[in-house]
Structure formats: structure tokens, C-alpha cells
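The values are calculated or read from the model by the stated rules, or taken from the named source; none is laboratory data. Here the structure is a predicted model, which is why all the values come from computation and not from measurement. Please note: Cβ atoms are built from the backbone with ideal geometry, for glycine as well, and neighbour counts cover all protein chains shown. Just so you know, the surface numbers come from the protein's heavy atoms only, side chains and all, with ligands and any DNA or RNA stripped out. Shrake-Rupley method; radii C 1.70, N 1.55, O 1.52, S 1.80 Å.
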Amino acid sequence: MYTEGYTAGAYIIAFNIAAAPKAGYPDNGVNPAWRNTVLHLITATFWDPAADPATIKASSDKLTFDWGKNLIDVSPGAGAYMSESDYIEPNFTQSFFGSKYAKLRAIKAKYDPYDVFYAQNAVGSEDWKMSEMIMGNLPSQNSKLCRI
């Protein structure tokens with residue numbers, strides 16, 4: 001990934017985030033992968049502002065489905081930080097919530113039984129889809145939200 005990514009326009013920002021709390025970790029919704037991590041890595045790609053939609057989609061897809069998959073392959077069970085994540089993260093429940101997802105889903109069912117609250121890639125969002133896509137695979141926030 002790294003050699004091919006650098007030559008094909010990938011940008012990588014990374015830094016050490018290993019935290020060692022004195023009293024242990026609280027029982028919360030944080031993906032347990034974050035408790036053992038030593039690296040926070042952000043990937044990006046850029047294109048010419050005048051690029052045609054096919055070029056933009058190809059660049060975006062390469063970031064998500066090629067470079068992103070390579071990172072997942074070399075770090076199985078790792079996670080991603082939802083606020084700096086790929087909007088179409090292929091396995092967002094594992095990446096953002098890990099083994100905490102089932103518990104979070106049960107909490108959402110208890111306190112939001114009618115699914116009033118929605119956010120892209122949030123707990124329970126896999127039961128919904130946007131009615132329109134941008135470039136074929138990016139959910140348009142300007143479209144209708146539909147229950148699957």
C-alpha cells in the first residue's frame with residue numbers, strides 16, 4: 001500500500017496516541033481496539049478541482065476500497081475514529097464500535113425504540129438508507145431517509 005499509495009496520490013498523517021490511564025478504562029462505548037492502539041492514521045486523497053466525476057469517484061473508491069482495505073488487512077480487529085472516518089466505511093460497526101456494538105444497539109433500542117435519531121454510520125444506521133447517491137456510492141444527505 002505505502003509505495004503504491006504514495007505514487008498514486010495517497011496522503012498519510014499519523015501519530016502515536018498510546019494512552020495509559022492510571023485507574024483503568026471506564027465501561028463505555030469506545031471501541032476496545034482504541035485501548036491497545038499505538039497509532040492514529042489518517043489517509044486522504046486529492047484531485048484537481050476541475051476533474052470530471054468519474055476521476056473523482058475513482059480516486060475516492062481507491063482510498064476506501066483499495067488503500068483502506070490494505071490497512072484493515074494489516075491490522076485486523078483495529079478500529080477507526082468515527083469523526084475522522086471514511087463516510088462509506090465498509091464495516092463501520094467493527095471499525096467504530098468493535099465488540100461494544102451489540103450493547104450499544106441494545107441501549108439504542110431501549111431509549112430510541114422508534115428510531116427517531118439517525119446519523120450516517122451511527123448505531124442502528126444499517127437499518128436505513130438514503131434514497132439518492134452521489135457518484136454511485138456516497139449517500140446524499142439531501143435525499144429521503146428510507147427504512148430498509
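The table below lists the values:
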item	result
Local electrostatic count, ALA80, Cβ distance below 15 Å [Lys/Arg +1, Asp/Glu -1]	-1
Label point at ASN36 placed 7 Å out along Cα→Cβ; residues across segment 83-118 whose backbone nitrogen lies under 17 Å	94-101
log₁₀ of I(q)/I(0) at q = 0.23 Å⁻¹ - segment 19-98, Debye sum with one point per alpha carbon	-1.12
Carbon + sulfur, % of accessible area of the chain - ligands and nucleic acids excluded, 1.4 Å	60 percent
Net charge, VAL30 excluded, C-beta distance under 13 Å - Lys, Arg +1, Asp, Glu -1	+2
Among (i) 11.9; (ii) 8.3; (iii) 10.7, the entry that matches mean projected area of the Cα convex hull in nm² as calculated here	(iii)
Longest to shortest principal axis, alpha-carbon extents of segment 62-129, angstrom	37, 23, 18
Contact order relative to length of segment 1-141, as percent, for alpha carbon pairs under 8 angstrom and 6 or more apart	22 percent
Around GLN120: net Lys/Arg minus Asp/Glu count, Cβ-Cβ under 13 Å	-3
Residue-by-residue Karplus 3J(HN,Hα) for segment 134-145, coefficients 6.51, -1.76, 1.60, Hz, glycine and proline x	9, 6, x, 9, 9, x, 7, 6, 9, 10, 7, 8
Dipole axis of segment 29-119 (+1 Lys, Arg; -1 Asp, Glu on Cβ), positive-most option in THR45, PHE65, GLY29	GLY29
Listed residue pairs exceeding 31 Å between alpha carbons, taken from LYS57/LYS144; LYS62/LYS110; LYS62/LYS129; LYS62/LYS144; LYS103/LYS129; LYS57/LYS110	LYS62/LYS110; LYS57/LYS110
